[in-house]
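A.B. asks: The structure follows.
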Amino acid sequence: MIIPKNREEIELMRESALIVSKTLGMIASEIKEGVTTLYLDKRAEEFIRDHGAVPSFLGLYDFPNSLCMSPNSQVVHGIPNNTPLQSGDVISVDCGAFKNGYHGDHAYSFEIGEVAPEVRKLLKVTKESLYFGIREFKAGNRVEDVGNAIQRYTENHGYGVVRELVGHGLGKKMHEEPEMPNYGKRGRGKLFVEGMVVAIEPMINLGTRNIKQHKDGWTITTADGKPSAHFEHDVALIDGKPELLSTFQYIYKALGIVSNEEDEFRKVPLVL
């Protein structure tokens, strides 16, 4: 059952989402060659708690950490460890924060040092596909309209769209209905309703779409060992149109990137 939110609830969710956004911005300022993912995980937990929230992932389904950190061929659900990051790595950082009874949950894939051109292109296309998907999250459309937009854009570049892992509804629970696959046929799936909030998150592989799960019960990697990319936003359906609750602008500020990619999804300009 889809659980629509009223405007007050959506504003509470925006607060949770922005704590995640700020956490990812903090990570952006510290993530570099030689740093361990376990160090970044500890910094994230401290940052989230200092902002009056608790990490959503810590203990969720018995996950042991506050961040899912998935480098290179890891798609998602990577467990932080003491292995230093190296130049040429790419890494998905997925973060959640729970405050005022609601979750925020989004992700960004970072480049470490000099990344291979084909991997940089994968990240660029995957992030672009996220916004193609968000544009389809509107009144009158259905779940697979979003997935179809993501699938068409990324497969046109020759990439593999992961099938087994999907986005989801978001609210008082981390995972609510509906599931939001990154593939599908137009006109299929549940109808979008005013006030619903979803996490849209394309997970796109440089090679095959096939994946495998490791013995730790969490880590998911590409079946062919090639890199994967992952970007995620929290989006509310307000007045029939998609509105971002999350932002990458804190990341961009830390990295010196100028971007207006989010402007069309905001009624009011974002003030950092």
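The values are calculated or read from the model by the stated rules, or taken from the named source; none is laboratory data. Fair warning: this is a prediction, and the values are worked out from it, not measured in the lab. Cβ: placed from backbone, ideal geometry, glycine included. Neighbour counts: every protein chain shown. The protein model used for the area step is the full one, side chains on, heavy atoms only, and it has no ligands, DNA or RNA in it. Shrake-Rupley method; radii C 1.70, N 1.55, O 1.52, S 1.80 Å.
A.B. asks: In nm, what is the difference between 0.36 nm times the number of residues separating Asn100 and Asp62 and their Cα-Cα distance? Each step should come with its number before you reach the end.
C.D. replies: On the way: separation 38, 0.36 × 38 = 13.68 nm, distance 2.21 nm.
Full extension from Asn100 to Asp62 adds 11.5 nm.
A.B. asks: Below 23 Å, Cα to Cα, which lysines can Lys42 reach? Residues fewer than 8 away in the same chain don't count.
C.D. replies: Lys22, Lys32, Lys99, Lys253
A.B. asks: Separate question: Given Gly225, Ala28, Ile112, which one lies farthest toward the positive end of the charge dipole of the range 7-265, if we put +1 on the Cβ of every Lys and Arg and -1 on the Cβ of every Asp and Glu?
C.D. replies: Gly225
A.B. asks: If I model a spin label at Glu179 and Val193 as a point 7 Å from the Cα along the Cα→Cβ vector, what separation in nanometres do I get?
C.D. replies: About 2.0 nm separates the two model spin labels.
A.B. asks: I would also like to ask the following. Please find the FRET efficiency linking Arg186 to Ala223, where r is the Cβ-Cβ separation and R0 is fixed at 25 Å, and quote it to the nearest 0.05.
C.D. replies: In this case the efficiency is close to 0.35.
A.B. asks: Once whole DSSP H runs in the chain are found, which of them have Cα atoms spread over 27 Å or more along the helix axis and a mean Kyte-Doolittle score of at least 1.0?
C.D. replies: Values: long enough: 7-30 (35 Å, 0.11); 117-135 (28 Å, -0.28).
Helices passing the filter in the chain: none found.
A.B. asks: Under 18 Å Cα to Cα from Lys267, which aspartates and glutamates show up? Leave out anything in the same chain fewer than 8 places away.
C.D. replies: By straight Cα distance, Lys267 reaches Glu8, Glu9, Glu11, Glu15, Glu136, Glu194, Asp234, Asp239, Glu243.
A.B. asks: Explain nothing, just the number: relative contact order of the range 25-93, from Cα pairs under 8 Å at least 6 residues apart, as a whole percent. Let's see the in-between values first.
C.D. replies: Values: 97 pairs, mean separation 24.4, N = 69.
Relative contact order for the range 25-93 comes out at 35 percent.
A.B. asks: Please report the carbon-and-sulfur percent of the accessible area for the chain; probe 1.4 Å, protein heavy atoms only, DNA, RNA and ligands left out.
C.D. replies: Working: 5830 of 11600 Å².
About 50 percent, which is the carbon plus sulfur part of the accessible surface.
A.B. asks: Here is a further query. Can you give me the relative contact order of the chain as a percent, contacts being Cα pairs under 8 Å and 6 or more apart?
C.D. replies: Details: 693 pairs, mean separation 62.0, N = 272.
Relative contact order, the chain: 23 percent.
A.B. asks: In debye to the nearest 20, how big a dipole does the range 131-214 give about its Cα centre with +1 on each Lys and Arg Cβ and -1 on each Asp and Glu Cβ?
C.D. replies: For the range 131-214, the charge dipole is close to 140 debye.
A.B. asks: Another question, if that's okay. Rg and Dmax of the chain, Cα atoms, in Å?
C.D. replies: Using the Cα atoms of the chain, the pair Rg, Dmax is 17.0, 48 Å.
A.B. asks: Which of the listed residues, Ser56, Gly167, Ile79, is farthest toward the dipole's positive end in the range 7-265, when Lys, Arg count +1 and Asp, Glu count -1 at the beta-carbon?
C.D. replies: Highest projection toward the positive end goes to Gly167.
A.B. asks: Provide the gained length on full extension for the span Glu155 to Arg135, in nm with one decimal, where the gain is 0.36 nm per separating residue minus the Cα-Cα distance. Walk me through the numbers before you get to the answer.
C.D. replies: Numbers: separation 20, 0.36 × 20 = 7.20 nm, distance 1.80 nm.
Fully extending the segment from Glu155 to Arg135 adds 5.4 nm.
A.B. asks: Please state the Cα pair-distance histogram of the range 139-217 with 10 angstrom bins from zero: what percent is in each bin?
C.D. replies: 19, 45, 29, 7, 0
A.B. asks: Still on this structure, please answer the following. With all protein chains present and a 1.4 Å probe, how do Val193, Val119 order by accessible area, largest first?
C.D. replies: Val193, Val119
A.B. asks: Sticking with this structure for a sec: How far apart, in nm, are two points set 7 Å out from the Cα along the Cα-to-Cβ line at Asn260 and at Asp216?
C.D. replies: 4.2
A.B. asks: Additional query: Where the centroid of each part is defined by its Cα atoms, how far is the range 10-62 from the range 98-112 in Å?
C.D. replies: 7
A.B. asks: Skip the ligands, DNA and RNA, and give the accessible area per residue of the range 7-265 with a 1.4 Å probe, whole Å².
C.D. replies: Numbers: 10510 Å² over 259 residues.
Result: 41 Å² of accessible area for each residue.
A.B. asks: Moving on. Give me the extension gain from Arg163 to Asn81: residue separation times 0.36 nm, minus the current Cα-Cα distance, reported in nm with one decimal. Don't skip to the end; give the middle numbers.
C.D. replies: Details: separation 82, 0.36 × 82 = 29.52 nm, distance 2.69 nm.
Taking 0.36 nm per residue and subtracting the Cα distance, the gain is 26.8 nm.
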